[in-house]
1. Taking all protein chains in place and a 1.4 Å probe, what share, in percent, of the accessible surface of the chain do carbon and sulfur account for?
2. Out of all DSSP beta bridges in the chain, what portion is antiparallel? Express it as a percent rounded to 5.
3. Cα to Cα, under 24 Å, and not fewer than 8 places away if on the same chain: which lysines meet these conditions relative to Lys42?
4. So if each residue of separation counts as 0.36 nm, and I subtract the Cα-Cα distance between Tyr26 and Thr10, what length gain in nm does that give?
5. If I model a spin label at Gln2 and Ser123 as a point 7 Å from the Cα along the Cα→Cβ vector, what separation in nanometres do I get?
6. Please list, in order along the range 61-75, the HN-Hα scalar couplings obtained from phi with the Karplus expression 6.51 cos²θ - 1.76 cosθ + 1.60 (θ = phi - 60°), rounded to whole Hz, x for Gly and Pro.
7. Could you work out the local net charge near Val79, counting Lys and Arg as +1, Asp and Glu as -1, over the other residues with Cβ closer than 14 Å to its Cβ?
8. Roll a 1.4 Å probe over the protein chains and send me the accessible area per residue for the chain in Å².
Amino acid sequence: VQLQASGGGTVQPGGSLTLSCTASGYSLDNYEIGWFRQAPGKEREFVAAISWSGGSTYYADSVKGRFTISRDNAKNTVVLQMNSLKPEDTAVYYCAADRVLPGQYGNTWFPSYWGQGTQVTVSS
């Protein structure tokens, strides 16, 4: 499964960005999808995840209430809407997928398939 993350950019604090995750030649219908991020000099961090049906979503405490994950299986796309962005949200964002339901969503979840990452910079 080849994933592509897009939509990154530079935005001022308080601004918004929309990230998209798509797959080439594969249907994401049966995959759990997650977003992770990694800032320079820091460990990879879980951001959000959505179940294959879209019926369940999960968020890191640091982004709850500001980020929303959703999916449109007809368009084979998962979207991460990021609002009220803060400088500490600056990182490379990766989407990832796995067909196996993890025991727990979070920093210990390491999906099998990863996209190339898209840079998000929040700066005034």
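1. 46
2. Numbers: 37 of 41 bridges.
That works out to approximately 90 percent antiparallel.
3. Candidates past the 8-residue exclusion: Lys64, Lys86.
4. Numbers: separation 16, 0.36 × 16 = 5.76 nm, distance 3.00 nm.
Gain on stretching Tyr26 to Thr10: 2.8 nm.
5. Here the modelled spin labels are 3.1 nm apart.
6. Per residue, the Karplus-derived 3J(HN,Hα) values read 4, 5, 10, 4, x, 10, 10, 9, 9, 8, 9, 10, 5, 5, 9 Hz.
7. On the way: positive: Arg71, Lys75; negative: Asp72.
Net local charge, Val79 excluded: +1.
8. Working: 6240 Å² over 124 residues.
Counting only protein heavy atoms, the per-residue value for the chain is 50 Å².
The values are calculated or read from the model by the stated rules, or taken from the named source; none is laboratory data. Fair warning: this is a prediction, and the values are worked out from it, not measured in the lab. No Cβ is skipped: glycine too gets one built from the backbone with ideal geometry, and neighbour counts run over all protein chains shown. Just so you know, the surface numbers come from the protein's heavy atoms only, side chains and all, with ligands and any DNA or RNA stripped out. Shrake-Rupley method; radii C 1.70, N 1.55, O 1.52, S 1.80 Å.
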